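The values are calculated or read from the model by the stated rules, or taken from the named source; none is laboratory data. What you are looking at is a predicted structure, and each value in this text was computed from that prediction instead of being measured. Glycine also receives a Cβ, built like all others from the backbone with ideal geometry; neighbour counts cover every protein chain displayed.
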Amino acid sequence: MVESSFFIELRRRKVFQTAAVYIAVAWGATEILVTVAERLFLPAWIPTLVVIAFVVGFPVAMFLAWTFDITSEGIQRTTIESRRGKASVALAAALLIAGTAGLFLLIQPALQSQQAGDKSTMAIPNSLAVLPFVNASQDPADAWLSEGLSDELRDQLGRVAGIRVAARSSSVAARAQDLDALTISERLRVTHLVEGSLRRTGDKLRVSVQLIEGESGLVLWSRNFERGPRELITVQNSIVMMLVQQVIPDFGPVTAEPATLNYTANELMLMARHKMQQVRDSQVVDVEMLQEGIGLYRQASEADPQSALAHSRLADALLYLGDIEAAEAPIFKALTLNPNLSEVQNTLGSFYWVRGLPEAGTAFERAVELNPNNADALANNAYWRWFQKLSVEHVAEYYARALELDPLSLSRYAALGEFYGHAGLLDNMYEVIERMQQNFDTADAYRVTSRLLELAGRIDESVAWALRARDREPDNPDHVSKLAELYTHMGDFETALQLEPEPGIGLLFLMRRYEELIDQAEFMVIERPQDVGLRYLLAFAYNATGQFESAIHILSATGQPDTVLEERIRSASDIEGFFALINALAGAGQVDLAKELAGLWEIEVWEPIPDWWNRAYGACGHAVMEQDDKALELLQRIEDSPRLPWVPVIRDSFCFQRYAETPAYQALIHHVEERQAAKRKQLPSTLAEFDVALDQLPLK
């Protein structure tokens, strides 16, 4: 037999022994090299290259073992002794080729995974992160000056074409976590770090700045400036020009200008920015500090009427306050002064967005074109595209680019994960959760994880993560409120009420206690007349209790139906309000008008989005138009939603009452109730697995 002859030849030529020795040596050498590479911080590609070399060398070693033999007389070429030697040689060659190919196939996934991992952490060329400057003054109140300088440097460098600048929130987070240069470089994917300090002594400012190589931590360039306060803008410009020449030596003259060339306006803007950042970083809005920031920006715009950024930042602060009318004049003044600033276009987009105008998309697109490093503009662009039902891939791309620029910002992970969750791209969402958990171990991160798992329908795990957030921050009532909401979604009203003995209107809605909701909301509307979301919820409760005329009245001040028909949608609440109006009109007997509005809106479901919400309101529109086949088909598809549907919308929307006795509708209600019961049954084992319990702290 050829096989017998072949194995005789293998034993005679000591191929088996050679293979065993080769594999042992290769394995040992690789293990040693990996350990040494880790200790000496050698590049990750070196061990990979050695593994490839050993794989390639294996067939060579086997060929040499087959062809030559070591004897007492030296190395001699072996001869074929068996009658079927030639066949043995052919079979050996075939097996050698097949074995080598198989070995490559075996290690290929690991190599690809490592390459993907290396790529995800690879620093982007010509990139830097400006870390918050240290306040070296004796007075802590001077922090606005040092932080403001680093912020302005970051913004000005971000306007230089060819340089990629990490976002502010990630740079601040990296400094707050006290990470070393190499770790910051890896996490932010930048090649350089800029750090410095500012000391104010009397009428003198001493600014020290350093450019650090991220990979080695070595200082590549440093400079000290000692100037008067009025020369801070000049110092800022000099630093920018010098940094650009260091990062891109052949760049040429720097054209990015500072926010203002006026000394007084510059100081006012730095102080205003410091206050606004404190407001944005706080969980509870400090309205008094926000007003102070607005006042400072207004003074800055008066000190330098030609500063587009002074007017733009004033408008942005007013939008944050919610004073849309007051924001109009400064944003259009900024647009007149310089429409080619990304920050101006982004604020313009925000202004259009809160006004519900479609021009928001054009402004956000322009902001990204002017500065591809503007993470806020990228995120706003993604959000706008999402509401316009544009390409899923493009929405995800913009969110992912914002996260890439701002990888230590929890809100970027939350936004991308939220979109993936609603879009039903759950594997992508789980990857976002995993990456987020590698960077954050905080109560806020637990809450985000809880929210994303809720979107995936894993509400038992969502409860477990909300409990972890509560245990990490036991004095934060928001965690308890979120737990009550999750228990309500599962149909466990008893536990929800133990957590929230005096439920707010959100819980009353989910528990379908509409009379109590109406009693609370009617007083709240008086206190918050501009809260359209509150009006929409109150209108739903009116509809559910048959008070259709009251629903029409409370919706009259919200801009419906023009908000939706004129494509001025600002949030999901606007769509909910539109359908509340259609239901109210149909319930009040104005059926023809309800049908007309539903028809004008062009009822369509964004097919890539499997979330129940998308399909429920599409079904409601078809039901109002008496297109029963389409409505019932969409209602059946709600069963495929990863997220648990909101029972009040499914059971108490007036448009669905026509299907109360329909088997398909009854099957949907039964399906939702079964899912709730299954999650309640599964919850105890899930909490035990996560080692959390509801009774670890006194209930609220």
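Brief remarks follow.
- From the options ARG273, ARG298, ARG280, ARG313, residue that is outside the structural domain of GLY148 (by TED's automatic domain parsing), in contact with a Gly (Cβ under 7 Å, 6 or more places away or on another chain) and either of a type outside the set (A, V, I, L, M, F, W, C) or not in a helix (DSSP H, G or I) (or both): ARG273
- Check on TYR320, assigned to a helix (DSSP H, G or I), modelled with pLDDT under 95 and of a type in the set (Phe, Trp, Tyr): yes
- Selection of region 483-495 for residues being crowded, with 22+ Cβ neighbours inside 10 Å and either acidic (Asp, Glu) or free of Cβ contacts under 8 Å to residues at least 60 places away in the same chain (or both) yields ALA484, LEU486, TYR487, THR488.
- Listing of helices (runs of 4 or more DSSP H) fully contained in region 168-268 that carry 2 or more residues being under 30 Å from ALA300 (Cβ atoms) and assigned by TED's automatic domain parsing to the domain that holds ASP139: 168-176, 232-247
- Entry remark, region 132-158: residues being surrounded by fewer than 23 Cβ atoms within 10 Å (Cβ to Cβ) and assigned to a loop (DSSP other than H, G, I, E, B) number 5 in total.
- Test: residue in region 436-447 that is modelled with pLDDT of 95 or more, among the acidic types (Asp, Glu) and not in a helix (DSSP H, G or I): no
- Out of LEU408, LEU452, LEU416, sole residue that is in contact with a helix residue (DSSP H, G or I) (Cβ under 7 Å, 6 or more places away or on another chain), within 25 Å of TYR383 (Cβ to Cβ) and not in a helix (DSSP H, G or I): LEU408
- Flag for TYR352 being of a type in the set (Ser, Thr, Tyr), in contact (Cβ under 8 Å) with a residue 12 or more places away in the chain, touching a helix residue (DSSP H, G or I) at 6+ places or on another chain (Cβ under 9 Å) and surrounded by fewer than 24 Cβ atoms within 10 Å (Cβ to Cβ): no
- Annotation: of all residues in region 477-526 being under 28 Å from the mean Cα position of the chain (by Cα) and of a type in the set (Gly, Ala, Ser), the one that is farthest from VAL672 (Cα to Cα) is SER481.
- First in region 400-424 and assigned by TED's automatic domain parsing to the domain that holds VAL448, second anywhere and charged (D, E, K, R) and surrounded by fewer than 24 Cβ atoms within 10 Å (Cβ to Cβ), Cβ under 7 Å, 6 or more apart: none
- Of all residues in region 645-700, those satisfying the criterion of being among the hydroxyl-bearing types (Ser, Thr, Tyr) and over 18 Å from LEU486 (Cα atoms) are SER653, TYR659, THR662, TYR665.
- Residue match in region 248-258 (condition: charged (D, E, K, R) and either modelled with pLDDT of 90 or more or under 19 Å from ALA143 (Cβ atoms) (or both)): no
- Candidates GLU461, GLU454 - the one that is surrounded by 23 or more Cβ atoms within 10 Å (Cβ to Cβ), acidic (Asp, Glu) and either in contact with a Cys (Cβ under 6 Å, 6 or more places away or on another chain) or under 23 Å from ASP691 (Cα atoms) (or both): GLU454
Let's see how each residue does on (1) surrounded by fewer than 18 Cβ atoms within 10 Å (Cβ to Cβ); (2) over 16 Å from the mean Cα position of the chain (by Cα):
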residue	(1), (2)
GLU397	yes, no
ALA402	no, no
LEU408	no, no
SER411	yes, no
GLU418	no, no
GLY421	no, no
ALA443	no, yes
TYR446	no, no
ALA469	no, yes
